[in-house]
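Bear in mind these aren't lab numbers, they're just calculated from the coordinates by the rules spelled out. Values in this document were obtained by computation on a predicted structure and should not be read as measured data. Note: ideal-geometry Cβ built from the backbone for every residue, glycine included; neighbour counts use all protein chains shown.
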Amino acid sequence: ALIIGVVWFFYKEFLGVSFDEEFCRVSGMPTGLLYVIMLGLIALTVVMLIRVVGIILVIALLTIPAAVARRFTDSLLKMMGLSIGFGVVFCLGGLWLSYILDFASGATIILFSVAVFLAVLAFKGKKKQEPASDKTGCINHE
């Protein structure tokens, strides 16, 4: 809840620093402090995840929910919200399956996440691509 609250509070600043640091610095934003806060939140997230799934599986649990959420939206804010929701569902679903099947919880959470990702990939297919532009820079609407 702390991580979500801080990200919610500093959302616009994090977005600005992530995509245009120089503009934010010129605008007077404390970019150094924002980076420290962001890195602290990432470190806290990783430490919490290590306790649940182990160090090897942390990367998968950080990337799979975002990859699934990306299939449903192009908005960063919506993607962040969906990623949180998918992460919670993956953890709870994986823990439930590990209890039912008597498997290790960390691996079951990730296997469940991968299964959902593959199902979404099969169901949603490729994301709609942006229209191609010709050499003049104009969008081609054929």
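Structure notes:
- Relative contact order of the chain, taken over Cα pairs closer than 8 Å and 6 or more residues apart, is 16 percent.
- Check: the chain dipole with +1 on Lys, Arg Cβ and -1 on Asp, Glu Cβ, in debye: 280 debye
- In summary, the helical segments of the chain meeting the span-like criteria, namely a full DSSP H run, a Cα extent along the axis of 18 angstrom or more and a mean Kyte-Doolittle hydropathy of at least -0.5, are 31-53, 58-70, 76-101, 105-124.
- Size of electric dipole in segment 54-127: Cβ of Lys, Arg +1 and of Asp, Glu -1, about Cα centre, debye, nearest 20: 400 debye
- Measuring r between the beta carbons of Ile59 and Phe103 and using R0 = 25 Å, the FRET efficiency lands at 0.80.
- Based on alpha-carbon atoms, the Kirkwood radius and the radius of gyration of the chain give Rg/Rh equal to 1.07.
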